[in-house]
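Visitor: Mind having a look at this structure? Questions to follow.
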Amino acid sequence: MSTTKKLVLVGNGMAGIRTIEHILKLAPHAYDITVFGAEPHPNYNRIMLSSVLAGGTSIEDIVINDWSWYEDNGVHVYPGDPVVQIDTVRKEVVSQNGVHASYDELIMATGSQAFILPLPGANKEGVIGFRDIKDCETMMQASQKYRKAAVIGGGLLGLEAARGLLNLGMDVTVIHINGHLMDRNLDLPAGLMLQRELEEQGMKFLLNKHTEEITGKGRVKALRFTDQTVLEADLVVMAVGIRPQIELARNSGLDVNRGVIVDDYMHTNIPGISAVGECAEHRGIAYGLVAPLYEQGMVLAKRLAGAATEGYAGSVTSTKLKVSGVDVFSAGQFKDSPDTRSIRIQDDVDGVYKKMVIKDGKLVGAVLFGDTTDGASLFSLIKSGEDISGREKEILLGVPSGGSGSGPSVAERMAAMPDDEIICGCNGVTKAAIGDAVLNKGCNTVGAIKSCTKASASCGGCKPIVESLLTYYAGDNVGEQTKEGICGCTSYDRDEIVAQIKEMGLKTVKEVMNVLGWDEPEGCSKCRPSLNYYLGMIWPTEYEDERVSKFTNERYHANIQKDGTYSVIPRIYGGVTSPAELIKIATVAEKYDVPMVKFTGGQRLDLLGVQKENLPKIWEELDMPSGFGYGKALRTVKTCVGNTFCRFGTQDSIEMGIRLEKKLDKMVAPAKVKLAVSGCPRNCAEATIKDLGVVAIDGAWELHVGGNGGVKVRAAELLCTVKTDAEVEEWTYAYLQYYRENARWNERTAAWIERVGLDHVKEALADRDVRLALVERLEVTLGHTVDPWKEIIEDEKLRKNFTPLSGAEPVAH
Ligand SMILES: Cc1cc2nc3c(=O)[nH]c(=O)nc-3n(C[C@H](O)[C@H](O)[C@H](O)COP(=O)(O)OP(=O)(O)OC[C@H]3O[C@@H](n4cnc5c(N)ncnc54)[C@H](O)[C@@H]3O)c2cc1C
Ligand SMILES: NC(=O)c1ccc[n+]([C@@H]2O[C@H](COP(=O)([O-])OP(=O)(O)OC[C@H]3O[C@@H](n4cnc5c(N)ncnc54)[C@H](O)[C@@H]3O)[C@@H](O)[C@H]2O)c1
Ligand code: SF4
Ligand code: FES
């Protein structure tokens with residue numbers, strides 16, 4: 001008589017089949033396995049439905065185990081045939097099609113269903129959730145016939161659905177009950193930054209809106225809200241959360257609450273029946289992300305295979321929004337509470353926000369917007385629970401901690417990580433699997449690991465840790481192509497892209513992406529602005545700036561502030577103003593109720609707290625050039641008093657500063673550029689911590705380059721000493737143009753000089769003909785650059801962009 005036990009799995013989804021995969025590995029002959037699935041498909045990666053909807057991925061691409069896998073592993077499968085009854089006494093399940101299957105062990109892995117708000121009209125045609133392949137197909141079909149889509153719920157799922165529908169050509173409005181998006185994962189500043197970014201992509205939002213009714217005859221026509229406004233819609237996608245599928249379990253006598261209640265070994269209250277995945281509730285939590293479910297699956301598989309396991313103790317979760325062009329990451333406890341401290345950086349120029357939440361010296365939560373490269377390492381710090389006291393700022397600023405004795409190095413952290421730690425949550429890839437790919441399967445690049453294990457193939461959030469593990473395992477054998485592409489969308493680096501743009505005459509961002517085979521068709525918030533810069537630098541007379549490829553600040557030509565208002569900084573050449581100019585500034589400040597007028601560190605006046613819609617009017621009335629206080633461009637030329645008034649001064653620093661600023665006032669660059677001119681070596685203008693600082697010495701001028709006074713202070717290095725004012729100009733312009741042509745986008749001169757070395761720059765500029773040619777190219781560029789505010793003021797269409805934040809006002813009936 002056979003000793004093989006019978007194992008029945010109810011639910012052919014991600015958690016259940018992952019458990020079966022482990023059992024097949026741990027105890028290949030222990031069970032005769034039967035799987036029932038309500039969906040007619042083989043086991044597929046539900047996560048990737050967002051990518052299918054957004055385009056570029058097919059249903060076939062997201063299948064994890066095709067039909068042959070079931071056959072090869074002797075797994076009997078009943079697709080499209082849900083289990084409708086469980087006889088826990090006879091130990092038998094019955095399916096909708098009348099199949100009876102007896103079991104020794106039964107796994108419930110029925111997942112969740114989309115929560116459909118019980119609104120009048122919710123049963124109309126065109127109202128759906130977003131949970132499975134069928135929903136995805138319904139949306140794709142609807143987009144062929146209809147224009148207006150409403151997505152209820154501004155969480156992860158709603159925003160991914162909305163992005164997909166936009167890609168399908170629909171006009172999409174997201175209705176959100178809260179005041180900021182992704183309120184379950186983000187705090188207010190990150191939520192606002194996300195909203196702005198998505199608005200730029202064409203998404204519309206109605207916040208703090210409560211839907212009351214779905215109207216229309218047969219098919220949906222509109223949504224009516226509690227404030228009695230109405231939004232027309234031919235397709236409504238509900239993405240307001242999920243509910244575990246527990247009816248079958250409840251009807252079968254299993255203890256249920258929100259989900260099927262399980263202990264640390266995934267036992268339910270009935271012997272022989274386990275539950276795993278979203279349908280399970282462990283220590284009061286029913287998870288809605290794959291990583292914890294895979295951890296549960298591993299524990300269950302070990303128990304059923306008779307292997308030792310410490311049980312499941314619960315998970316800290318992390319999420320990453322899968323919308324191309326937006327980088328958002330959230331992990332753990334992201335909200336402040338009385339027993340936590342938090343530390344945050346908000347860089348409105350580059351559209352970056354980072355927050356760490358700390359409790360008892362340990363990192364317990366993090367939010368990242370705009371730059372999520374540190375997401376994986378922050379997440380592993382949260383999971384490891386190590387004490388980070390004294391290193392908080394270092395960690396948040398992304399300064400690598402290694403070798404200095406201030407904390408474990410990356411290699412030490414990789415070594416300490418347990419083998420069964422899941423590195424790629426989306427695909428359930430463990431550290432051991434990555435080690436195996438590198439050590440035994442010859443994978444020596446991230447790309448090869450991706451092909452072999454699927455790690456980093458979905459949301460990409462795990463890529464930095466995959467890279468660290470690759471280095472940890474492969475050491476010196478890391479393959480060539482791990483050279484960094486400019487972002488996750490491409491493997492081309494900056495120099496290759498610039499060379500290809502020149503060689504192939506590529507003229508638009510889209511063209512570069514198409515021709516160079518970008519992985520993400522829309523690009524992301526890193527590559528779009530950098531391509532926009534490179535194209536403008538290479539084709540100064542032809543290229544038209546692509547507004548959508550820029551950060552918010554540069555798109556609105558104003559610095560966005562913490563509270564969503566903007567600041568206005570007119571140019572004040574060399575920091576020298578006049579009574580007439582001051583009166584003009586004071587007049588607009590009073591007229592538009594500007595809450596604060598402040599001197600900046602760069603000797604200018606900043607009007608803070610300006611509403612977006614007032615920006616064009618203020619600039620029009622000021623009638624002063626833009627100070628580019630927001631952009632990757634020339635910011636200020638700070639000057640000291642110089643020999644006009646100062647008794648120590650040997651040269652006229654004010655005149656020199658104004659001359660340089662007048663020439664360069666519209667110069668855009670890879671990153672912001674600050675200049676200063678001091679009239680003697682006392683250097684009151686602090687010229688030696690500027691990108692370029694000019695310091696007068698007796699009978700000559702010194703030019704110092706690559707300085708920085710920000711987070712990482714760097715003293716400038718002496719580039720040259722010249723005698724005449726004309727030479728100061730020639731070297732300054734040549735140096736800046738050389739930087740414009742050779743630095744990576746977003747690379748300040750300090751970082752650039754550190755990377756290429758001062759000697760290289762000196763050598764490149766040594767030849768006068770080369771310098772003159774550089775100056776000429778800069779002049780051509782400057783000749784084609786316009787003052788952005790002049791352009792906006794004169795163009796009605798551009799002025800229209802300055803309407804209030806949530807532009808999507810509902811249609812009132
Ligand atoms: C569009 C989308 C994007 C997502 N993106 C992410 C992401 O980026 N990261 C992340 O971590 N998570 C993401 N998720 C969530 C993730 O997909 C789920 O957490 C995961 O699929 C849950 O796995 P599960 O096996 O518990 O449930 P499921 O994958 O839902 O599988 C359950 C299966 O059981 C079937 N079933 C139900 N009742 C029965 C029955 N009586 N008989 C037989 N079969 C039955 C269901 O039809 C289903 O096929 C996303 C979800 C969606 C919808
Ligand atoms: N990238 C990812 O990790 C990813 C992507 C998609 C889905 N998922 C998972 O899938 C599950 C479902 O996602 P979700 O976004 O539906 O759930 P969610 O709970 O994360 O978000 C639902 C959102 O809807 C809002 N909401 C609730 N009621 C509303 C109403 N009446 N009107 C308007 N808004 C309302 C909530 O404030 C919330 O922000 C979650 O577990 C999620 O983690 C994850
Ligand atoms: S740098 Fe020299 S010239 Fe300029 S203000 Fe200071 S002391 Fe005077
Ligand atoms: S965690 Fe999403 S691809 Fe790895």
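The values are calculated or read from the model by the stated rules, or taken from the named source; none is laboratory data. The model shown is predicted, which means the values in this text are computed figures rather than measured ones. Cβ: placed from backbone, ideal geometry, glycine included. Neighbour counts: every protein chain shown.
Visitor: Give me the residue from region 21-67 that is within 8 Å of ligand 1 (Cβ to nearest atom) and among the small types (Gly, Ala, Ser) and, out of that set, surrounded by the fewest Cβ atoms within 10 Å (Cβ to Cβ).
Guide: Filtering region 21-67 for residues that are within 8 Å of ligand 1 (Cβ to nearest atom) and among the small types (Gly, Ala, Ser), the one surrounded by the fewest Cβ atoms within 10 Å (Cβ to Cβ) comes out as Ala38.
Visitor: Evaluate the following for Ala416: is it more than 16 Å from ligand 2 (Cβ to nearest atom) and out of contact with any helix residue (DSSP H, G or I) (no Cβ under 9 Å at 6 or more places or on another chain)?
Guide: no
Visitor: Another one. Without any contact (Cβ under 8 Å) to a residue 60 or more places away in the chain and either over 20 Å from the mean Cα position of the chain (by Cα) or more than 16 Å from ligand 3 (Cβ to nearest atom) (or both): is that true of Ser384 in this structure?
Guide: The answer is yes for Ser384.
Visitor: Same structure, new question: Hey, could you check region 426-466 for residues that are closer than 21 Å to Thr317 by Cβ and of a type in the set (Lys, Arg) and say which is farthest from ligand 4 (Cβ to nearest atom)?
Guide: Lys431
Visitor: Still on this structure, I have one more. Tell me which residues, restricted to region 644-698, are within 11 Å of ligand 3 (Cβ to nearest atom), in contact (Cβ under 8 Å) with a residue 12 or more places away in the chain and among the hydroxyl-bearing types (Ser, Thr, Tyr).
Guide: Correct list: Thr650, Ser653, Ser678.
Visitor: Quick check on region 722-757: of everything there that is small (Gly, Ala, Ser) and part of a helix (DSSP H, G or I), which residue is nearest to Gly710 (Cα to Cα)? Can you show your working first?
Guide: Start the filter on region 722-757 by keeping residues that are small (Gly, Ala, Ser), which leaves 726, 734, 743, 750-751, 757.
Imposing the further condition that a residue be part of a helix (DSSP H, G or I) reduces the set to 726, 734, 750-751.
Details: Ala726: 30, Ala734: 25, Ala750: 11, Ala751: 12 Å.
That would be Ala750.
Visitor: Right, something else. Those residues that are within 16 Å of ligand 2 (Cβ to nearest atom) and within 18 Å of Tyr265 (Cα to Cα), I need them from region 1-46; list them, please.
Guide: Result: Ala15, single match.
Visitor: Leu53 passes all but one of (1) farther than 30 Å from Gly154 by Cβ; (2) within 38 Å of the chain's Cα centre (by Cα); (3) of a type in the set (A, V, I, L, M, F, W, C); which number fails?
Guide: (1)
Visitor: Now for a different question. From the set of residues in region 643-688 that are among the acidic types (Asp, Glu) and farther than 18 Å from His704 by Cβ, which is farthest from ligand 2 (Cβ to nearest atom)?
Guide: Asp652
Visitor: Next up: Counting just the residues of region 603-643 that are assigned to a loop (DSSP other than H, G, I, E, B) and within 16 Å of ligand 3 (Cβ to nearest atom), which one comes out farthest from Val786 (Cα to Cα)?
Guide: Val641
Visitor: Let me ask another. Name the single residue that is farthest from Leu156 (Cα to Cα) among those in region 189-232 being surrounded by fewer than 16 Cβ atoms within 10 Å (Cβ to Cβ) and without any contact (Cβ under 8 Å) to a residue 24 or more places away in the chain.
Guide: Here the residue is Lys217.
Visitor: Now for a different question. Those residues that are of a type in the set (A, V, I, L, M, F, W, C), touching a strand residue (DSSP E or B) at 6+ places or on another chain (Cβ under 9 Å) and surrounded by fewer than 24 Cβ atoms within 10 Å (Cβ to Cβ), I need them from region 633-653; list them, please. Explain how you work it out, then say what you get.
Guide: Residues of region 633-653 that are of a type in the set (A, V, I, L, M, F, W, C), as a first pass: 633-634, 637, 640-641, 645-646, 648.
Remaining after also requiring touching a strand residue (DSSP E or B) at 6+ places or on another chain (Cβ under 9 Å): 633-634, 637, 640.
Result: Ala633, single match.
Visitor: Go through (1) surrounded by 15 or more Cβ atoms within 10 Å (Cβ to Cβ); (2) in contact with a strand residue (DSSP E or B) (Cβ under 7 Å, 6 or more places away or on another chain); (3) within 30 Å of Leu304 (Cα to Cα); (4) of a type in the set (Gly, Ala, Ser) one by one and return the number of the condition Gly111 breaks.
Guide: Condition (2) is where Gly111 drops out.
Visitor: Just to be sure, is Val328 buried (at least 24 other Cβ atoms within 10 Å of the Cβ), among the aliphatic types (A, V, I, L, M) and modelled with pLDDT of 90 or more?
Guide: yes
Visitor: A further question follows. Determine which single condition Gln500 fails, assuming it passes every other condition in (1) in a helix (DSSP H, G or I); (2) modelled with pLDDT under 90.
Guide: Every condition holds for Gln500 apart from (2).
Visitor: Please enumerate the residues belonging to region 753-764 that are surrounded by fewer than 20 Cβ atoms within 10 Å (Cβ to Cβ) and touching a residue at least 12 places away in the same chain (Cβ under 8 Å).
Guide: At the first step, the residues of region 753-764 found to be surrounded by fewer than 20 Cβ atoms within 10 Å (Cβ to Cβ) are 754-760, 762-764.
Those that are surrounded by fewer than 20 Cβ atoms within 10 Å (Cβ to Cβ) and touching a residue at least 12 places away in the same chain (Cβ under 8 Å): Glu754, Val756, Leu758, Lys762, Ala764.
Visitor: Still on this structure: When you scan region 413-480 for helices (runs of 4 or more DSSP H) that lie fully inside it, which ones turn up with 1 or more residues that are aliphatic (A, V, I, L, M), within 16 Å of ligand 1 (Cβ to nearest atom) and under 24 Å from Gly385 (Cβ atoms)? Reasoning before the result, please.
Guide: Values: elements: 431-440, 446-453, 463-474.
Those helices (runs of 4 or more DSSP H) span 463-474.
Visitor: Which of the residues spanning region 232-260 are touching a strand residue (DSSP E or B) at 6+ places or on another chain (Cβ under 7 Å), farther than 15 Å from Leu106 by Cα and in a strand (DSSP E or B)?
Guide: Residues satisfying the conditions are Glu232, Leu235, Val236, Val237, Met238, Ile242, Arg243, Pro244.
Visitor: How many of the residues making up region 261-285 are within 13 Å of Ala109 (Cβ to Cβ), assigned to a loop (DSSP other than H, G, I, E, B) and among the hydrophobic types (A, V, I, L, M, F, W, C)?
Guide: Summing the residues that are within 13 Å of Ala109 (Cβ to Cβ), assigned to a loop (DSSP other than H, G, I, E, B) and among the hydrophobic types (A, V, I, L, M, F, W, C) in region 261-285 gives 2.
Visitor: Name, by its number, the condition in (1) closer than 24 Å to Glu247 by Cα; (2) surrounded by 18 or more Cβ atoms within 10 Å (Cβ to Cβ); (3) within 16 Å of ligand 2 (Cβ to nearest atom) that does not hold for Pro118.
Guide: It is condition (2) that Pro118 fails.
Visitor: Look at region 689-705 and say how many of its residues are in contact with a Lys or Arg (Cβ under 7 Å, 6 or more places away or on another chain) and in a strand (DSSP E or B).
Guide: 1
Let's see how each residue does on (1) in contact with a helix residue (DSSP H, G or I) (Cβ under 8 Å, 6 or more places away or on another chain); (2) among the polar types (S, T, N, Q); (3) away from ligand 3 (no atom under 16 Å from the Cβ):
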site	(1), (2), (3)
Asn73	yes, yes, yes
Val84	yes, no, yes
Arg90	no, no, yes
Ala101	no, no, yes
Pro118	no, no, yes
Ala122	no, no, yes
Glu125	no, no, yes
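Visitor: Does region 512-524 include one or more residues that are buried (at least 19 other Cβ atoms within 10 Å of the Cβ) and closer than 22 Å to Thr781 by Cβ?
Guide: yes
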